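Here's the structure, in structure tokens; my notes come after.
The values are calculated or read from the model by the stated rules, or taken from the named source; none is laboratory data. Computed from a predicted model, the values in this text were never measured in an experiment. Ideal geometry is used to build each Cβ from the backbone, glycine not excepted, and the neighbour counts take in all protein chains shown.
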Amino acid sequence: MAFITTSDGTEIFYKDWGKGQPIMFHHGWPLSADDWDSQMLFFLAQGYRVIAHDRRGHGRSTQTWQGNDMDTYAADAAELVTHLGLTDAIHVGHSTGGGEVARYVAQHGNGRVAKAALISAIPPVMVKSESNPGGTPIEVFDGFRAAMANRAQFYRDVPEGPFYGFNRPGAKVYPGLIDNWWRQGMMGGTLAHYECIKVFSETDLTEDLKAIDVPVLVMHSEDDQIVPFADSGPLAAKLLKNGTLKVYKDFPHGMPSTHADIVNAELLAFFKA
């Protein structure tokens, strides 16, 4: 079990396997580094060094009551990168982790980052406002917060339904994915998860995207029920100086797990280009 201790005393758990060009994976809410198992094994076999960490308050990291905000998430990632001495790294983020990647690369990645990928990611900003009329109404996120009163059930409802698209007619349901989602969620701290709802819904990453110079692959499905397509992937790709948008039709939000073979192949092609 590998940990670093950040400048504010938080312990961050991480995995670091292999040698070669490093790929650092940033997970979604309320999960952990384990959500990248399929990608870690695949890219390790392709000769990459693969790293994934549990965000503060998530998984095996400290169940923090402070620092549950995007700036601190990115700063934690930067401390881990420095500790591991990573250069020429590729950063891959899913969902909330995509926001973390955008903030990290924009604020801390100068000279250390080769490429990045945002999968089903939250940028530019999720919540509906006057400046973001196509966003998701705040009442939806208030419902998430209310559901945290019984998060054990909420953490069943999300993966059983919209996260993996198992609520779609004819969907092939994988009970193991549902169980693993629940397991990862319940490992983390309820306060950190509660506060992260505000982070993933209200953090505006527009300026971060504009500041990123490295090539970025944006992967998003039109059938994403968690981070709606029209207000995320296409807008993010337009804001990036060197962004490429890859659109899928019927994939779910959790496509790195349900369609790992396709996602991994697309990522590998982008990394090698």
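Scanning the stretch 11-18 turns up at least one residue that is basic (Lys, Arg), over 20 Å from Gly111 (Cβ atoms), assigned to a strand (DSSP E or B) and out of contact with any Phe, Trp or Tyr (no Cβ under 6 Å at 6 or more places or on another chain). Against the numbered list (1) touching a residue at least 24 places away in the same chain (Cβ under 8 Å); (2) over 21 Å from Tyr73 (Cβ atoms), Ile122 comes up short only at (2). Every test in (1) touching a residue at least 40 places away in the same chain (Cβ under 8 Å); (2) more than 18 Å from Val214 (Cβ to Cβ); (3) surrounded by fewer than 24 Cβ atoms within 10 Å (Cβ to Cβ) is passed by Gly28 save one, and that test is (3).
For the stretch 36-51, a tally of residues being under 14 Å from the mean Cα position of the chain (by Cα) and surrounded by fewer than 19 Cβ atoms within 10 Å (Cβ to Cβ) returns 1. Would it be correct to say that Asp208 is acidic (Asp, Glu) and closer than 15 Å to Gly98 by Cβ? Yes: the conditions hold for Asp208. Among the criteria (1) surrounded by fewer than 23 Cβ atoms within 10 Å (Cβ to Cβ); (2) at positive phi; (3) of a type in the set (Gly, Ala, Ser), the one Ala106 does not fulfil is (2).
Residues that are buried (at least 24 other Cβ atoms within 10 Å of the Cβ) and at negative phi within the stretch 52-63 comprise Ala52, His53, Asp54, Arg55, Arg56, His58, Ser61, listed in sequence order. Taken together, the residues in the stretch 224-250 that are of a type in the set (A, V, I, L, M, F, W, C) and more than 22 Å from Val140 (Cα to Cα) amount to 5. Ala75 meets the conditions (1) within 26 Å of Ser257 (Cα to Cα); (2) in a helix (DSSP H, G or I); (3) small (Gly, Ala, Ser) in every case but one. The failed one is (1). Only a single criterion out of (1) under 15 Å from the mean Cα position of the chain (by Cα); (2) of a type in the set (D, E, K, R); (3) in a helix (DSSP H, G or I) is not satisfied by Glu207, namely (1). Return the pairs, sorted by first residue and then second, in which the second residue is small (Gly, Ala, Ser) and modelled with pLDDT under 95, the first residue lies in the stretch 33-49 and is under 21 Å from Ala77 (Cα atoms), the beta carbons are less than 8 Å apart, and the residues are 6+ apart or on different chains. No pair meets every condition. The single condition from (1) assigned to a helix (DSSP H, G or I); (2) β-branched (Val, Ile, Thr); (3) buried (at least 24 other Cβ atoms within 10 Å of the Cβ) that Val140 fails is (3).
Listed by first and then second residue, the pairs with beta-carbon distance under 8 Å, at least 6 apart or on different chains, first residue in the stretch 68-81 and at pLDDT 95 or above and surrounded by fewer than 20 Cβ atoms within 10 Å (Cβ to Cβ), second of a type in the set (Ser, Thr, Tyr) and in a helix (DSSP H, G or I), are Ala78/Tyr104.
Just checking, how many residues over the stretch 41-61 are closer than 18 Å to Leu267 by Cα, in contact with a helix residue (DSSP H, G or I) (Cβ under 8 Å, 6 or more places away or on another chain) and not in a loop (DSSP other than H, G, I, E, B)? Going through the stretch 41-61 one residue at a time, the tally reaches 5. For the stretch 214-273, a tally of residues being in a strand (DSSP E or B), under 21 Å from Arg112 (Cα atoms) and touching a residue at least 60 places away in the same chain (Cβ under 8 Å) returns 3. The number of residues in the stretch 161-197 being part of a helix (DSSP H, G or I), crowded, with 17+ Cβ neighbours inside 10 Å and touching a residue at least 24 places away in the same chain (Cβ under 8 Å) comes to 13.
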